[in-house]
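The values are calculated or read from the model by the stated rules, or taken from the named source; none is laboratory data. Note that the coordinates shown come from a computational prediction; the quantities given were computed from them, not determined experimentally. Every residue, glycine as well, gets a Cβ built from its backbone with ideal geometry; the counts of neighbours run over all protein chains shown. In case anyone asks, the SASA skips ligands and DNA or RNA and just uses the protein heavy atoms, side chains included. Shrake-Rupley method; radii C 1.70, N 1.55, O 1.52, S 1.80 Å.
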Amino acid sequence: VSTLTNFVNFVMGDDSSSSLIGGAKSENDDKSGASSTTTTTSIIPPGSPEELLSRIRDDYVVYNYLWTGDIYTPAFEKDCRFTDPTLSFVGTDTFVSNVQNLKPIIDTLATGCKSDLLDICINEEEGYIESRWNMIGDLSGLPWKPRIDVIGRTKFWYRQVTDEGEDGVAGFRVFFYDEKWEMPAGKALLQLVTPTW
């Protein structure tokens, strides 16, 4: 996955080192699917852990972020670490730029894509929000028409930022995005080459 992402970034003219599928949402984006293509850390981050949970819930339910990558970027620190079973990288800007490069490919190949939010809860004592989700979609643009169906969990580790924070705005931001799948990574990736016809 990281090799494919690096290749796509090279071809699309981006020098980011690795990626997840994704994009960015700002406070000014509407719910119709139009999104910002730049990181918008100048907008006020969520003011409480509950508001952060609400923003993350919207990323799944409203913006289908597992496929679109449309996240509410003010909820993430600039140097947030993103990990999943196949790769890891640092930087919300890297997340956004990689999404811009992968989105046209996903838009061309994928249909019926959805991010089902199965559960979401907050652990204020330890400082994380955990989601359980199901990423489902058909890559019908490929001749063998593979189907993606992965259930996973993501912990969004957050902390309160003060007025001395990265942009001088107090609030709560995610500093570590930790995604795990409920199946081995190899089995999940095998879905990309498994025909459904």
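Observations on the model:
- Three-way shape call for segment 51-119 based on the alpha-carbon gyration tensor, with the a/c threshold at 1.5: oblate
- Peptides ranked, highest mean first, by Cβ atoms within 10 Å: ranges 183-192, 132-141: 132-141, 183-192
- Surface analysis of segment 78-162 yields an accessible area of 46 Å² per residue, using protein heavy atoms and a 1.4 Å probe.
- Taking amide H as placed 1.01 Å from N in the peptide plane, Ser140 has its amide H under 5 Å from the amide H of Thr111, each at least 5 places away in sequence or on another chain.
- The 3J(HN,Hα) values that the Karplus relation (6.51, -1.76, 1.60; θ = phi - 60°) gives for segment 135-148 are, in residue order, 9, 10, x, 10, 8, 6, x, 9, x, 8, 6, x, 10, 9 Hz. Gly and Pro appear as x.
- Here the Karplus relation 6.51 cos²θ - 1.76 cosθ + 1.60, evaluated at θ = phi - 60°, turns the backbone of segment 152-162 into coupling constants of x, 10, 10, 9, 9, 6, 10, 8, 7, 9, 9 Hz, with x for every Gly and Pro.
- In sequence order, calculated HN-Hα J values of segment 97-114 (Karplus, 6.51, -1.76, 1.60; Hz; x Gly/Pro): 5, 5, 4, 4, 7, 7, 4, x, 5, 4, 4, 6, 8, 9, 9, x, 8, 8
- Cα radius of gyration and Dmax for segment 79-164 (Å): 16.0, 53
- Nonlocal Lys pairs with alpha-carbon distance under 26 Å, segment 52-192 (8 or more apart, or different chains): 16
- Distant-in-sequence amide H partners of Gly69 (H built 1.01 Å from N, under 5 Å): Gly23
- Cα-based shape type of segment 49-197, given that a ≥ b ≥ c are square roots of the gyration tensor eigenvalues and the cut on a/c is 1.5: prolate
- Percent carbon-and-sulfur accessible area, segment 52-105, ignoring ligands, DNA and RNA, probe 1.4 Å: 50 percent
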